Amino acid sequence: MLGLKLPTDPRWVNIVEKNIEDILTDHAFCEQKATSTAISLIVGFPEYTELVKEMVALVKEEISHFKMVHDKILERGWTLGRDRKDDYVIELMKFFPKGGSRTTQLVHRLLYAALIEARSCERFRLLSEELEDKELAEFYRKLMVSEANHYTMFLGFARQYGDRQEVDKKWQDLLDFEAQIMKDLGKKETIHG
């Protein structure tokens, strides 16, 4: 369903299980960045009324996810650690050239967002199925559903605002590029890396 070309190596869960505090901190910041992305789409493209309405709803949902993850951190007696750079997103952002029309910029941002959500969904599924911590596994199962909805929403908007054939070609090319990135990732206690 997600269209990802290279699945995460299931051994990544072993790394996560040894570093639960780190993965929860990284996850919390991923939710914060998703909130920021939605806000930046509102600020950058206010004339797209349907997009703005959906992004307002997404801001509320993503910040609630941040709170849920933060609460998990606090329940375990930890504090939110510092944000770290996201190697996955840094590499992914190199795919599309800078510039172009406003519509092109919007489509590219929507495709990036769709792919990040798709990879998050895939990782959450893996955590929900493989974590020995059953309470945390159930937590990730619930979040997985939201991520799938976000992925389809972003991809749908990209197809709505751009030329459908061109967008679908860019999407496939981006998926291929992402698969190459993933060959070098999956060895750290981060949601994407």
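Which is in a loop (DSSP other than H, G, I, E, B) and under 27 Å from Val145 (Cβ atoms), of Leu106, Leu127, Leu80?
None of the other options fit; the residue is Leu80.
Name the residue, out of Asp184, Asp163, Asp176, Asp133, that is touching a residue at least 12 places away in the same chain (Cβ under 8 Å), of a type in the set (Asp, Glu) and out of contact with any helix residue (DSSP H, G or I) (no Cβ under 8 Å at 6 or more places or on another chain).
After applying the criteria, what remains is Asp176.
What single numbered condition from (1) free of Cβ contacts under 8 Å to residues at least 24 places away in the same chain; (2) under 29 Å from Glu138 (Cβ atoms); (3) surrounded by 12 or more Cβ atoms within 10 Å (Cβ to Cβ) fails to hold for Val52?
(2)
I'm told Glu138 meets every condition in (1) part of a helix (DSSP H, G or I); (2) of a type outside the set (A, V, I, L, M, F, W, C); (3) surrounded by 19 or more Cβ atoms within 10 Å (Cβ to Cβ) except one. Can you identify the failing condition by its number?
With (1) part of a helix (DSSP H, G or I); (2) of a type outside the set (A, V, I, L, M, F, W, C); (3) surrounded by 19 or more Cβ atoms within 10 Å (Cβ to Cβ) applied to Glu138, the lone miss is (3).
With respect to Ser128, determine if the residue is in contact with a Lys or Arg (Cβ under 7 Å, 6 or more places away or on another chain) and over 29 Å from Lys170 (Cβ atoms).
Yes; evaluated as a whole, the condition is true for this residue.
Of these, Phe157, Phe95, which one is buried (at least 17 other Cβ atoms within 10 Å of the Cβ) and either among the acidic types (Asp, Glu) or not in a helix (DSSP H, G or I) (or both)?
Phe95
Kindly evaluate Glu132 against the criterion of being in a loop (DSSP other than H, G, I, E, B), more than 16 Å from Glu31 (Cα to Cα) and not basic (Lys, Arg). Break it down stepwise before answering.
On the way: in a loop (DSSP other than H, G, I, E, B): yes; more than 16 Å from Glu31 (Cα to Cα): yes; not basic (Lys, Arg): yes.
It is true that Glu132 is in a loop (DSSP other than H, G, I, E, B), more than 16 Å from Glu31 (Cα to Cα) and not basic (Lys, Arg).
With respect to Ala28, determine if the residue is assigned to a helix (DSSP H, G or I), within 26 Å of Phe177 (Cβ to Cβ), at pLDDT 95 or above and among the small types (Gly, Ala, Ser).
So Ala28 does not fit the description; no.
Do we find that Ala57 is surrounded by fewer than 19 Cβ atoms within 10 Å (Cβ to Cβ), under 17 Å from Ala113 (Cβ atoms) and out of contact with any Lys or Arg (no Cβ under 7 Å at 6 or more places or on another chain) in this structure?
yes
Can you tell me which residue within the range 1-25, out of those that are buried (at least 17 other Cβ atoms within 10 Å of the Cβ) and among the polar types (S, T, N, Q), is modelled with the lowest pLDDT?
Filtering the range 1-25 for residues that are buried (at least 17 other Cβ atoms within 10 Å of the Cβ) and among the polar types (S, T, N, Q), the one modelled with the lowest pLDDT comes out as Thr8.
Looking only at the range 77-104, count every residue that is of a type outside the set (Lys, Arg), without any contact (Cβ under 8 Å) to a residue 12 or more places away in the chain and within 19 Å of Glu178 (Cα to Cα) and tell me the total.
The qualifying residues number 2.
Among the residues of the range 94-107, are any under 27 Å from Glu129 (Cβ atoms) and of a type outside the set (Asp, Glu)? So that I can check it myself, show each step before the final result.
Of all residues in the range 94-107, those under 27 Å from Glu129 (Cβ atoms) come to none.
No - not one qualifying residue is present in the range 94-107.
The values are calculated or read from the model by the stated rules, or taken from the named source; none is laboratory data. Not measured: the values here are computed from a predicted model. In this analysis, Cβ positions are derived from the backbone assuming ideal geometry, glycine residues included, and neighbour counts consider all displayed protein chains.
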